[in-house]
Amino acid sequence: MASFRWIQNNDNPNVGFTEVEIRLLETELQKQFNPTLIQFLQTAGAYANVLDGNRININTLLVWNQQINHLKNFPFNIVQQPFCFFSLEKKNEDTTRGYFPTNADETFLYYYFVDLSKKELPVYSFSESEHFIEPQPGYVTVAPIGLQYVSPSLIQFINRETEKKYGETTGKKIVNIIGLLVFSPLLILLILYLIIQPNSSWRSTLFFWKKNI
């Protein structure tokens, strides 16, 4: 099974969808979910606090997927079976140095979705909104944000976002603890070996300390 790190947040816990709800989603969207995505929906589907989301229900997911399927510039040749699992309202950044100051306040939908045709569920983001760039001084170009490749897998994406928000993952903590348990005895043995050596500078230092105490 996939290995996600879920957040135990008392105020906003990860509570997933039921099997009945997931089957209903599949039917409504006419898509088949793989085991990794099903586990994601069962474990953290109803809340997505890793991504700063509000309560997510089936109706919300259906709306997001209808929206993303109707986007004009969506590149279906790249993403064959998109499933939108999260959406953000993001504020447009003012990169125009004052040319179009009103556009700095524009908010737009920013979708995160996976490609169901790929086993690893690569994660993409997409928005139709436009932002302004200055290719050379004095010239301003309007460019669509479009499609962006975010992560090779949903598991990696969720774990990375979790670590960014909540710190070191449980898996890394376990690895660090194991490393400490393995190397601590070796370090102690090395120190003892250096101390008992006849010409050890460690012994001379210890003798000097004792003599001057």
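The table for this structure:
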{"item": "Residue count, region 15-36 (criterion: of a type in the set (Lys, Arg) and part of a helix (DSSP H, G or I))", "result": "1"}
{"item": "One residue from Asn73, Asn77, Asn57, Asn65 being under 22 Å from Asn12 (Cβ atoms) and over 18 Å from the mean Cα position of the chain (by Cα)", "result": "Asn57"}
{"item": "Failed item in (1) open to solvent by 40 Å² or more (accessible area, probe 1.4 Å); (2) touching a Phe, Trp or Tyr at 6+ places or on another chain (Cβ under 7 Å); (3) modelled with pLDDT under 75, with Gln42 passing the rest", "result": "(3)"}
{"item": "Count of residues meeting criterion [open to solvent by 60 Å² or more (accessible area, probe 1.4 Å), over 12 Å from Ala46 (Cβ atoms) and touching a Leu at 6+ places or on another chain (Cβ under 9 Å)] in region 14-30", "result": "1"}
{"item": "Total residues in region 45-57, condition surrounded by 14 or more Cβ atoms within 10 Å (Cβ to Cβ) and over 15 Å from Cys84 (Cα atoms)", "result": "2"}
{"item": "Which numbered condition Trp6 misses (of (1) buried (at least 19 other Cβ atoms within 10 Å of the Cβ); (2) touching a Ser or Thr at 6+ places or on another chain (Cβ under 7 Å); (3) at pLDDT below 90)", "result": "(1)"}
{"item": "All strands (runs of 3 or more DSSP E) inside region 70-156 with 2 or more residues being modelled with pLDDT of 90 or more and open to solvent by 20 Å² or more (accessible area, probe 1.4 Å)", "result": "139-151"}
{"item": "Given (1) open to solvent by 70 Å² or more (accessible area, probe 1.4 Å); (2) polar (S, T, N, Q); (3) modelled with pLDDT of 90 or more, number of the condition Thr36 does not satisfy", "result": "(1)"}
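The values are calculated or read from the model by the stated rules, or taken from the named source; none is laboratory data. Source: prediction; values computed, not measured. Note: ideal-geometry Cβ built from the backbone for every residue, glycine included; neighbour counts use all protein chains shown. We work out accessible area using only protein heavy atoms, side chains counted, and drop any ligands, DNA or RNA first. Shrake-Rupley method; radii C 1.70, N 1.55, O 1.52, S 1.80 Å.
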